[in-house]
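Participant: What follows is a structure written as structure tokens; I'll ask about it next.
Just so it is clear, none of the values below were taken in a lab; they were calculated from the coordinates. Small disclaimer: the values here were computed from a predicted structure and weren't measured. Note that we place each Cβ from the backbone using ideal geometry, even for glycine, and neighbour counts take in every protein chain shown.
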Amino acid sequence: MDFNQQQSADENYGNPTTCFFHVFFKGAALAFYILFSFFVGNFVVIFVVTAVLAALDFWVVKNVSGRILVGLRWWNEIDDQGESVWRFECLDQESMARLNKKDSWLFWWTLYLNAGAWLLLSIFSLIRFEADYILVCGVCLTLSIANIVGFTKCRKDAKNQVQQFAARTLASRVSSTFQSAFTIV
Amino acid sequence: TVLPARPPSPPRAQIPVSSSLPPPPPKPAPPKPQPHSFPPPLPPPSSSVPAPPPLPSSRPEIAASGFGPAPNTLTEPVWDTVKRDLSRIVSNLKLVVFPNPYREDPGKALRDWDLWGPFFFIVFLGLTLSWSASVKKSEVFAVAFGLLAAGAVILTLNVLLLGGHIIFFQSLSLLGYCLFPLDVGALICMLKDNVILKVVVVCVTLAWSSWAAYPFMSSAVNPRRKALALYPVFLMYVSVGFLIIAID
């Protein structure tokens, strides 16, 4: 009985710890911001704690949960000519197929929901003309959108790579079939 | 790992970000890229799935040749990522604020830009100023943070609009790291409330910050426009210095 429960829990989420942290920092930032701005008025504390939590969340998503839950990674580097280059990296086909569907569902939906929540909160603070709080919401919104854009580009890039690889494999297979056909003939 | 059996083997479906690139120049390059004779830091190109041993020491060499993290960073342990980022922050700080031979070449000096250091320094400066203020603490913090963040963005735009060559995030990162001396100055001023001491400390740290920012900014623009690029930077640091002195 226990073993079955354990197994079904494992089938649900491939990486429960990572999923937890992925959601934890986002939730903590939102919760802290909402609760403290309603009940406690100290802006400096709200700003610093929320900004630190949002920055930690950005780091966790970009470096840890992106890798582990969906097998994607993006970063920027400066090449030898001094130009900035955006790099995208993904796991190979077999590993991607083996990734847990629930994990990636959670990953993408929490990203979108988080950005949506911060957008709502920014609109609220805009309506109330509280410039200080607009600053906090702006910072958190920027970080969420940056992650969304980065991972979406990475996913598109990965799909392109897969298509190119499939095309190349097909072409090489066809050409080697031709070659072997001609040698036989 | 098993190599593919057919001779004209196409690469497996992975984005060979750095594995298909030739090995870094300093090492003696082998005639053909055999997996087993790659220089030790780079793993064989065909493996990305199993968890290979972590390679924390490979990062600086690969970064110096601009190829980015090794392919196996997708499967590296989390602690390695943390250590790598922390050491990058420290090395960036040393590169920017302390004398080193790469200062004249902005491309090389801050190649691995990151925004963690700047974020921490800006928040720290805001907090220190806010703590020193006896009234209107949250306004002080908001003003300091807004001034520094917006100032960094505007200074970068200034350089770009002057026709200079600088990368946006690299410049933000640089201007953020150059705040470190002012952070130190603000901390000292918070601890000791003597006006003369404050003026002296602020002048020293201001000079240090400007010295740190000078080579990057000046080499990014046309020599005839150096002053146009440098003066706003100096102005921003002077205004931060005034904030530090004036807070009581």
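Participant: Evaluate the range A:81-164: find the radius of gyration of its Cα atoms, find its Kirkwood radius, and give the ratio Rg to Rh.
Facilitator: Answer for the range A:81-164: 1.13.
Participant: I would also like to ask the following. For the range B:160-248, report the % of Cα-Cα distances exceeding 24 Å.
Facilitator: Numbers: 1013 of 3916 pairs.
Percentage above 24 Å: 26.
Participant: Lys and Arg at +1, Asp and Glu at -1: add these up for the other residues within a Cβ distance under 13 Å of B:LEU206 and post the number.
Facilitator: 0
Participant: Calculate the translational D of the range A:37-119 in whole µm² s⁻¹ from Stokes-Einstein, where the hydrodynamic radius comes from the Kirkwood formula applied to all Cα pairs, the temperature is 37 °C and the viscosity 0.692 mPa s. Please list the in-between numbers first.
Facilitator: On the way: Rh = 15.4 Å.
It diffuses with D of about 213 µm²/s by this estimate.
Participant: Leaving out same-chain residues fewer than 8 places away, which lysines sit with a Cα under 23 Å from that of A:LYS62?
Facilitator: A:LYS26, A:LYS101, A:LYS102, A:LYS153, A:LYS156, A:LYS159, B:LYS83
Participant: Once amide H atoms are placed 1.01 Å from N in the peptide plane, what residues at a sequence separation of 5 or more from B:ASP112, or on another chain, have their amide H within under 5 Å of its amide H?
Facilitator: Placed amide hydrogens put nothing under 5 Å from B:ASP112.
Participant: Another question about this same structure. For A:MET96, B:MET236, B:MET217, which order do you get if you count the other beta carbons within 10 Å of each Cβ and list the fewest first?
Facilitator: Working: A:MET96 17, B:MET236 22, B:MET217 27.
So the residues, fewest neighbours to most, are A:MET96, B:MET236, B:MET217.
Participant: Same structure again: Along the principal axes of its C-alpha atoms, what lengths does the range A:19-172 span, in descending order and rounded to whole Å?
Facilitator: 66, 41, 23
Participant: With point charges of +1 on the Cβ of Lys and Arg and -1 on the Cβ of Asp and Glu, referenced to the Cα centre of the range A:112-185, which listed residue (A:GLN179, A:PHE129, A:ILE145) lies farthest in the positive direction of the dipole?
Facilitator: A:GLN179
Participant: Same structure, new question: Whole angstrom only: what separates the Cα centroid of the range A:50-69 from the Cα centroid of the range A:127-185?
Facilitator: Between the Cα centres of the range A:50-69 and the range A:127-185 lies a distance of 20 Å.
Participant: If you take every residue apart from A:THR142 with its C-beta less than 14 Å away from the C-beta of A:THR142, what net charge results, scoring Lys and Arg +1 and Asp and Glu -1?
Facilitator: Result for the neighbourhood of A:THR142: 0.
Participant: How well do other chains shield peptide A:73-81, expressed as the mean number of their Cβ atoms within 10 Å of each residue Cβ?
Facilitator: What the average comes to for A:73-81 is 6.
Participant: Karplus couplings for the range B:141-148 from phi (6.51 cos²θ - 1.76 cosθ + 1.60, θ = phi - 60°), rounded to Hz, Gly and Pro as x?
Facilitator: Taking θ as phi minus 60°, the curve returns 4, 4, 5, 4, 5, x, 4, 5 Hz for the range B:141-148.
Participant: Order by neighbour count: B:TRP113, A:TRP105, B:TRP79, B:TRP131, fewest other Cβ atoms within 10 Å first, most last.
Facilitator: Placing the least packed residue first, the sequence is B:TRP79, A:TRP105, B:TRP131, B:TRP113.
Participant: Would you mind ranking A:ASP79, A:ASP103, A:ASP57 so that the residue whose beta carbon has the fewest other beta carbons within 10 Å leads the list?
Facilitator: Placing the least packed residue first, the sequence is A:ASP79, A:ASP103, A:ASP57.
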